[in-house]
Amino acid sequence: AVVSTQSTGTHQLVTVAGHQVRAMRLTFVGELGWELHIPSESLVAVYEAVMAAGGEFGIADAGYRAIDALSSEKGYKHWHEDVRPDTTPLEAGMAWLVNPKLKTDVDFLGREALLSQKKNGLKQRLVCLKVKSPVPMVTLEAIYRNDKVCGYVRRTAYGYSVGCNVAWGYVENPAGLTLDWIRSGTYKVECMGELYDAEMTLAAPFDPKNLRVKGDYSEDYFPLSDTTKQSAHL
């Protein structure tokens, strides 16, 4: 297949091993890559062709645990965990998806609720917590701000690229919260009855500038030993 270089978010039809495939310039793992959308009857032939072509580059199968960990590091949201029917784009840190429409007269489902939140403020906000301890985390762990429970973990995975547990959860303040309130707190996460220090961030731990999905690998995001860096890339 001859695949031209395209911008993120675009797609094209290509032929792989005699089968038509839609190649989409998308990623859910934070690297410049492709998603291949393949007819079910062509899956085996295309898979074998891709694995054969990638052999010299060390291509290998990876499971959903790897995808979960990489997407968690990159801050890509999971439906049913990071975002659910009971959360809004503003609470999930995804205001960029709705703000353009909110500045127009275009009506859409949920518009009034979002305008109300913008006017009256939020009661909860999705944050990322980096926990240096390697203790296994499985979600639903309690989040403490200044020694008081303020929420719980919705999603977690060990981030091999950043060398720590990466947990995403909503912190809550019924009286209303601001970014200053969020940033000024000291955070811990409770896991199996023990409290572990956590570093709070509103940005993705890995490549927060979104450089890699544009093909820019000028910055190094692996604060680990050379050996660990190599395994983290696998």
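How much length would be gained if the chain were fully extended between PHE57 and VAL44, taking 0.36 nm per residue of separation minus their Cα-Cα distance, in nm to one decimal?
Details: separation 13, 0.36 × 13 = 4.68 nm, distance 2.03 nm.
Full extension from PHE57 to VAL44 adds 2.6 nm.
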What does the extension gain come out to for MET192 and ARG111, with contour length at 0.36 nm per residue minus their alpha carbon separation? 25.1 nm
Using a Cα-Cα cut-off of under 16 Å, which aspartates and glutamates could be cross-linked to LYS209, ignoring same-chain neighbours fewer than 8 residues away? GLU31, GLU73, GLU219, ASP220
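From the cross-link list LYS77/LYS103; LYS101/LYS132; LYS103/LYS130, which pairs have alpha carbons spaced over 32 Å apart?
Working: LYS77/LYS103 24 Å; LYS101/LYS132 39 Å; LYS103/LYS130 35 Å.
Distance filter (> 32 Å) returns LYS101/LYS132; LYS103/LYS130.
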So if we plug the beta-carbon distance of ALA17 and TRP96 into 1/(1 + (r/R0)^6) with R0 = 30 Å, what FRET efficiency do we get, rounded to 0.05? 0.15
When the scattering of the chain is computed by the Debye formula from its Cα atoms alone, each counted once and equally, what is log10 I(q)/I(0) at q = 0.13 Å⁻¹? -0.93
With a 1.4 Å probe and every protein chain kept in, tell me what percent of the accessible surface of the range 29-132 is carbon plus sulfur. 59 percent
Stretched out fully, how many nm does the piece from ALA66 to SER184 gain, at 0.36 nm a residue minus the Cα gap? 39.2 nm
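Can you work out the accessible area per residue across the range 73-204, with the rest of the protein chains kept in place, probe 1.4 Å, in square angstrom?
Working: 7160 Å² over 132 residues.
Using a 1.4 Å probe on heavy atoms only, each residue of the range 73-204 averages 54 Å².
About the Cα centre of the chain, how large is the charge dipole given +1 on each Lys and Arg Cβ and -1 on each Asp and Glu Cβ? Please answer in debye to the nearest 20. Spell out each step's value before the answer.
Details: 25 positive and 28 negative charges, 156 e Å.
Computed charge dipole of the chain: roughly 740 debye.
In what sequence, highest mean first, do 44-57, 188-201, 107-120 appear when ranked by Cβ atoms within 10 angstrom? Intermediate results must be reported in sequence, preceding the final value.
Numbers: 44-57: 12.7, 188-201: 15.8, 107-120: 11.2.
Highest to lowest by the protection proxy: 188-201, 44-57, 107-120.
Report the relative contact order of the chain, percent, no decimals, based on alpha-carbon pairs under 8 angstrom and at least 6 residues apart.
On the way: 364 pairs, mean separation 43.5, N = 234.
Relative contact order of the chain: 19 percent.
The values are calculated or read from the model by the stated rules, or taken from the named source; none is laboratory data. Because the structure is predicted, anything quoted here is derived from the model rather than measured. So basically every Cβ, Gly included, is an ideal-geometry build from the backbone, and we count neighbours across all protein chains shown. Areas reflect the complete protein model, heavy atoms only, side chains present, ligands, DNA and RNA absent. Shrake-Rupley method; radii C 1.70, N 1.55, O 1.52, S 1.80 Å.
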